[in-house]
Amino acid sequence: MKITVLVGGLSPERDVSLSSGSLIANALIKRKHSVALVDVLFGTEEEYPFDSLFKREGNYSYDIPNTEPDLEALKASVPNNSLIGKNVLELCRASDAVFIATHGGMGENGQLQATLDCHGITKYTGSSYIGCMLAMDKNISKHLISGKGVPTAPWIMFDTENDCISRIKNEVGLPCVVKPCGCGSSVGVSIVDGEDSLDKALKYASKYEKTVLVEKKIVGREFSVGVLLGRALPPIEIIPLNGWYDYSNKYQGGCTKEITPAELTREETERIQSLAIKAHDALHLGIYSRVDFLLDESTGDFVCLEANALPGMTPNSLLPQEAKAAGISYEELCDILVKAAFEK
């Protein structure tokens, strides 16, 4: 098939996307597909039929820096402030299927998916614009999954320009976690153990959104469960060697120990997989997703952190490791996802 892999975009997670998309393109080429790799933000000068863009050989790579990208500088470099570059939609229309390898921003909040739908491009990987929108908004998603019986940490939405810090101490308490409502990859997230670091955490999160989510800090082991074509994959446990599972620990090799299948009892495994499916379904997610949990050491129950509509596919990403534990190679996983998109 002729596959377009969409990467990049104007997002705090564009570097993650560029790494994911490079690996995905390589895997699909090895599965005998013709692949065009394009940055959503910058597009391509080539026009239909895009013959030179679809490649049957190549070895793409991209190393993720340990700091987040400068979005203001990136935005200033884009002509007409357009979020979708030249010929991107035409390239997608000329493809048999589109592999969406974007992360965060308009690539994961449903805007890109809605745009593709409006232009009659429906054979793309991941979830619909509805599922992406619901999963990306942490406030909405917590309401929906908790309504389906999936435990989540108590939280409030906090207006960094108008609310009083005392509201956090009174309604959530310390320690707490401060995070933007619509970012992933731990971008803008801070763990606040004392009052002295709360103001700094709010300022950091407000770089991305003025209204942020503040939730009770849950202490316990961290896990993730992938959902692929309606089935839960083996859980993976995440153990950062230093600190917590922040942006740097997620994407720099050797910073985190990951155990898959996770060392859980049979009952615990079945419980966390059941909760992952419930969360996936509550958010109307599609071909695949990844749902993150903490095992609350005070209650012994799994607490859902969030669901990811477009999980990372980097060398250190969790979903490919879980798939491998289920007997699915990385190349096969990419092939399964794109074929499922084609068959929609």
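The values are calculated or read from the model by the stated rules, or taken from the named source; none is laboratory data. What you see is a predicted model, and the numbers here were worked out from it, not measured in a lab. Backbone-built Cβ (ideal geometry, glycine too); neighbour counts: all protein chains shown. All accessible areas refer to the heavy atoms of the entire protein, side chains included, with ligands and DNA or RNA removed. Shrake-Rupley method; radii C 1.70, N 1.55, O 1.52, S 1.80 Å.
Looking across the range 89-101, the residues that are in a loop (DSSP other than H, G, I, E, B) and open to solvent by 10 Å² or more (accessible area, probe 1.4 Å) come down to Ala94, Ser95, Asp96.
Scanning the range 11-47 for residues that are more than 18 Å from Leu91 (Cβ to Cβ) and of a type in the set (A, V, I, L, M) yields a count of 3. In this structure, Lys148 does satisfy being of a type outside the set (Gly, Ala, Ser) and closer than 30 Å to Ser274 by Cβ. Examine the range 198-209 for a residue that is crowded, with 21+ Cβ neighbours inside 10 Å and either touching a Cys at 6+ places or on another chain (Cβ under 7 Å) or on the phi > 0 side of the Ramachandran plot (or both), and state whether such a residue exists. Scanning the range 198-209 turns up no residue that is crowded, with 21+ Cβ neighbours inside 10 Å and either touching a Cys at 6+ places or on another chain (Cβ under 7 Å) or on the phi > 0 side of the Ramachandran plot (or both). On the given criteria, is Ile145 buried (at least 18 other Cβ atoms within 10 Å of the Cβ), at pLDDT below 95, on the phi < 0 side of the Ramachandran plot and part of a helix (DSSP H, G or I)? Judged against the criteria, Ile145 is not a match.
Checked against the criterion of being within 18 Å of Glu215 (Cβ to Cβ) and part of a loop (DSSP other than H, G, I, E, B), the range 119-129 contains not a single residue that satisfies it. Exactly one residue among Lys55, Lys86, Lys32, Lys75 is without any contact (Cβ under 8 Å) to a residue 60 or more places away in the chain and loosely packed, with under 14 Cβ neighbours inside 10 Å, and that residue is Lys32. May I ask you to verify whether Ala340 is among the small types (Gly, Ala, Ser), farther than 18 Å from Thr256 by Cβ and under 20 Å from the mean Cα position of the chain (by Cα)? Yes; evaluated as a whole, the condition is true for this residue. Checked against (1) open to solvent by 60 Å² or more (accessible area, probe 1.4 Å); (2) modelled with pLDDT under 95, Gly312 passes all but condition (1). Scan the range 54-65 and tell me whether some residue there is within 17 Å of Ile336 (Cα to Cα), at pLDDT below 95 and not hydrophobic (A, V, I, L, M, F, W, C). Within the range 54-65, none of the residues are within 17 Å of Ile336 (Cα to Cα), at pLDDT below 95 and not hydrophobic (A, V, I, L, M, F, W, C).
From the set of residues in the range 284-308 that are small (Gly, Ala, Ser) and outside any strand (DSSP E or B), which is farthest from Thr102 (Cα to Cα)? Among residues in the range 284-308 that are small (Gly, Ala, Ser) and outside any strand (DSSP E or B), the one farthest from Thr102 (Cα to Cα) is Ser298. You will find that of Gly120, Gly110, Gly104, the residue that is of a type in the set (Gly, Ala, Ser) and open to solvent by 10 Å² or more (accessible area, probe 1.4 Å) is Gly120 and no other. Just one residue in the set Val16, Val38 is surrounded by 12 or more Cβ atoms within 10 Å (Cβ to Cβ) and either in a strand (DSSP E or B) or among the basic types (Lys, Arg) (or both); that residue is Val38. For Cys132, the stated conditions do not hold, so it cannot be described as farther than 28 Å from Leu213 by Cβ, in a helix (DSSP H, G or I) and open to solvent by less than 10 Å² (accessible area, probe 1.4 Å). The set of residues from the range 13-49 being touching a Leu at 6+ places or on another chain (Cβ under 9 Å) and closer than 22 Å to Asp335 by Cβ comprises Ser17, Ser20, Gly21, Ser22, Ile24, Ala25, Ala27, Ser34, Val35, Ala36, Leu37, Val38. Can you tell which of Gly243, Gly226 is at pLDDT below 95 and not aromatic (Phe, Trp, Tyr)? Going through Gly243, Gly226 in turn, just one is at pLDDT below 95 and not aromatic (Phe, Trp, Tyr): Gly243.
Scanning the range 165-197 for residues that are at pLDDT 90 or above, surrounded by 20 or more Cβ atoms within 10 Å (Cβ to Cβ) and aliphatic (A, V, I, L, M) yields a total of 5. Checking Val150 against (1) open to solvent by 10 Å² or more (accessible area, probe 1.4 Å); (2) of a type in the set (Val, Ile, Thr); (3) part of a loop (DSSP other than H, G, I, E, B), only one condition comes out false. Which one? For Val150, the exception is condition (1). Here Asn81 does not qualify as open to solvent by 10 Å² or more (accessible area, probe 1.4 Å) and modelled with pLDDT of 85 or more.
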